[in-house]
Amino acid sequence: MITHSRRHCVVELQALPSRIGQIRRIVSAQLRHWQLDPLIDRAALGVTELLTNVHRHAQPDKTCVVEIELRLGRLTVSVIDSDPRLPVLHETPAGVLETCGRGLALVAALSESWGARHQPDGPGKVVWFSLAAAPAPAAPPQPVRIETRPVREPARTVLVSVDPAVLDPSAVGTGVPVASPVGAGPG
């Protein structure tokens, strides 16, 4: 089930490998909606690590809630499960060939802060991390190419006034008036 408000999104799920990719896509889409594109990679990686920990370690079941919240310029991603055991960050780095043990170290490295606490209203715990949130910068304005062509000026129009009373006597019957430029008086 997915619920969300303007700056808060909650997804309830089973932390199974097949669902982790879906949650990454949901988190990515929500951050795009909030115009926080620069945080997508780190948030998606962090939530993947926290869900993988639930999948590997949570008892008695893998049911959990992913919560993302944007408040006061800070994005917080939380994973809530029913296992009361708090995770432990290993102080010594995992060996090169180790297949586990790096999750929380990775979350600590990619986030501004992180932590874990017991659920105040029941069994289980919350593991969270936060990132400074700044909206994605607006795309730089792209120059617009405007094609210019010389404008031809229209040919000058000469206005002619015709006084029907002044006709060329030789043109009588032909309908050709004697023309004189505007403003010129009879000759």
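Here, each number is a calculation from the coordinates, and none is a lab measurement. This one's a predicted model, so the numbers in the text were calculated from it and none came from an experiment. Positions of Cβ are generated from backbone atoms using ideal geometry, with glycine treated the same way; all protein chains shown enter the neighbour counts.
Quick notes on this one:
- For A133, distant residues with modelled amide H under 5 Å away: R74, L75
- On the basis of the beta-carbon distance and an R0 of 35 Å, Q35 and D121 show a calculated FRET efficiency of 0.60.
- R25 paired with T148, simple spin-label distance in nm, labels 7 Å along Cα-to-beta-carbon: 5.0 nm
- Phi angles of the range 61-71 translate, via the Karplus equation with coefficients 6.51, -1.76, 1.60 and θ = phi - 60°, into HN-Hα couplings of 9, 9, 5, 8, 10, 9, 10, 10, 9, 10, 8 Hz per residue; Gly and Pro are given as x.
- Couplings for the range 105-121, taken from phi via the Karplus curve 6.51 cos²θ - 1.76 cosθ + 1.60 with θ = phi - 60°, read 5, 5, 4, 4, 6, 8, 10, 7, 7, 7, x, 9, 8, 6, 5, x, 10 Hz in order; Gly and Pro are left as x.
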